[in-house]
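Report on one structure; see the data block that follows.
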Amino acid sequence: MIRDARVLRAGFVPREVEHRDAEVNHLSSILEPITNGEPADTAIVTGPSGAGKTCISKFVTERLREEVLDVETTYVNCWRNYTRFRTLYQILDDLGATIDIHRQSTPHDELVDRLQQHDGPRTVVILDEVDQLEDPSVIYDLHSLPQFAIICIANKEEELFSRVDDRLVSRLRSSEHVRMDKYHDEQLYDILSARAKWGLEEDVITDDQLYRIADAAAGDARLAIGILRTAAGKADRENHERITDDILLDAAEDARAQIKQKSLDSLTPHQRVVYDIVREHGPIGPSEIHERYTEDVDDPRTKRTIRTYLSKMEQYNLLEAEGTSRDREYSLVDSAAASPMQ
């Protein structure tokens, strides 16, 4: 049933990208100076979860590497590498420059010096979930080094800008911005159809089933592909000749649960404390969340940072908010209320 499992994986970057030509061309034009050995502007790629931000960024940088010999790329998930040290270390590690660096004792400035001394090919650094950085000054570190081009990926520009100092805000505002919207159902269908064509045997899933996946995913390509992958895996394990409607129904629930668990596992320790407070006491307002949070941790973050955490968890369907900004209350997302598989 499964012809090429790679095509169904979450991080797969296709040879052709569906319905993002304008964004691909825009990002490619931002990085074009690199092809002439010149510095490139910082690019800020924004949009909701599942809009293809990471896929587009990797697609463009991989195509750049095909065209230009002396270009490298490195990818940093800032949700996982949320400290300045971890981010700098990850970049240096990808460049093969961490042999004598000690995680516990090496000062941050030495890591920046290492990057400054890097005399290899120009490098495009993708900072994914960049608004998750606890110390966004790492963006400034990289911004000042002409041998590095930066792609910053975030859900919302304002949340990124609200957490950086004035010197960096002005630079980021003058950067090139690539904004992406949610996919429409027809666009998601085309994405799923292409994945099914290359990843599955013929006639194992119908067009109607693909449309239903697209509808249930509500614009989120990550969820849509997850449902297709989960359904194909289940049908393959159970030796079905095709994906049945019952399998598809189970797959939709399983894929949502897997994505939710992955998001929960990605939370930083401070974010997890905030999430657990909402889980135990919600519906609950931001002020009370912050009060309880400051009682639970030794080194509490600011109210603004906690609001950013709450917004991030909203975007990733972990929390939901009701009310205006003045009387807003947060609670856990009701999984049963998600778009059903018709």
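The residue list Ile191, Ile153 contains one member that is over 10 Å from Val45 (Cα atoms), modelled with pLDDT of 95 or more, outside the structural domain of Ser311 (by TED's automatic domain parsing) and crowded, with 17+ Cβ neighbours inside 10 Å, which is Ile191.
Residues in segment 315-327 that are under 21 Å from Glu157 (Cβ atoms) and assigned to a loop (DSSP other than H, G, I, E, B): Tyr316, Asn317, Ser325. Test Tyr309 against the stated conditions and say whether it is buried (at least 19 other Cβ atoms within 10 Å of the Cβ) and modelled with pLDDT under 95. The answer is yes for Tyr309. Selection of segment 199-218 for residues being crowded, with 16+ Cβ neighbours inside 10 Å and in a helix (DSSP H, G or I) yields Gly199, Gln209, Leu210, Tyr211, Arg212, Ile213, Ala214, Asp215, Ala216, Ala217.
Restricted to segment 74-83, and to residues that are over 16 Å from Gly11 (Cα atoms) and hydroxyl-bearing (Ser, Thr, Tyr), which residue is surrounded by the fewest Cβ atoms within 10 Å (Cβ to Cβ)? By that ranking, first place goes to Thr83. Take Pro48 and decide whether it is in the same structural domain as Val169 (by TED's automatic domain parsing), surrounded by fewer than 21 Cβ atoms within 10 Å (Cβ to Cβ) and within 14 Å of the chain's Cα centre (by Cα). Considered against the rule, which asks whether it is in the same structural domain as Val169 (by TED's automatic domain parsing), surrounded by fewer than 21 Cβ atoms within 10 Å (Cβ to Cβ) and within 14 Å of the chain's Cα centre (by Cα), Pro48 comes out as yes.
Only one of the numbered conditions (1) more than 20 Å from Lys58 (Cβ to Cβ); (2) out of contact with any helix residue (DSSP H, G or I) (no Cβ under 6 Å at 6 or more places or on another chain); (3) hydrophobic (A, V, I, L, M, F, W, C); (4) modelled with pLDDT of 85 or more is violated by Ile99, and that is (4).
Examine segment 156-167 for a residue that is in contact (Cβ under 8 Å) with a residue 24 or more places away in the chain, small (Gly, Ala, Ser) and surrounded by 18 or more Cβ atoms within 10 Å (Cβ to Cβ), and state whether such a residue exists. No, segment 156-167 contains no residue that is in contact (Cβ under 8 Å) with a residue 24 or more places away in the chain, small (Gly, Ala, Ser) and surrounded by 18 or more Cβ atoms within 10 Å (Cβ to Cβ). For Val178, the conditions (1) surrounded by 21 or more Cβ atoms within 10 Å (Cβ to Cβ); (2) at pLDDT below 90; (3) not basic (Lys, Arg) all hold with the exception of (2). Note on segment 229-296: enclosed helices (runs of 4 or more DSSP H) holding 1 or more residues that are closer than 30 Å to Arg326 by Cβ and of a type in the set (Asp, Glu) are 269-281, 286-296. The single condition among (1) in contact (Cβ under 8 Å) with a residue 12 or more places away in the chain; (2) touching a Phe, Trp or Tyr at 6+ places or on another chain (Cβ under 7 Å); (3) over 20 Å from Cys78 (Cα atoms) that Ala321 does not satisfy is (1). Residue-level analysis places Glu295 outside the set of residues that are of a type in the set (D, E, K, R) and touching a helix residue (DSSP H, G or I) at 6+ places or on another chain (Cβ under 9 Å).
The values are calculated or read from the model by the stated rules, or taken from the named source; none is laboratory data. In this text the structure is predicted, and so the values were computed from the model without any measurement. Glycine gets a Cβ as well: all are built from the backbone with ideal geometry, and neighbour counts include every protein chain shown.
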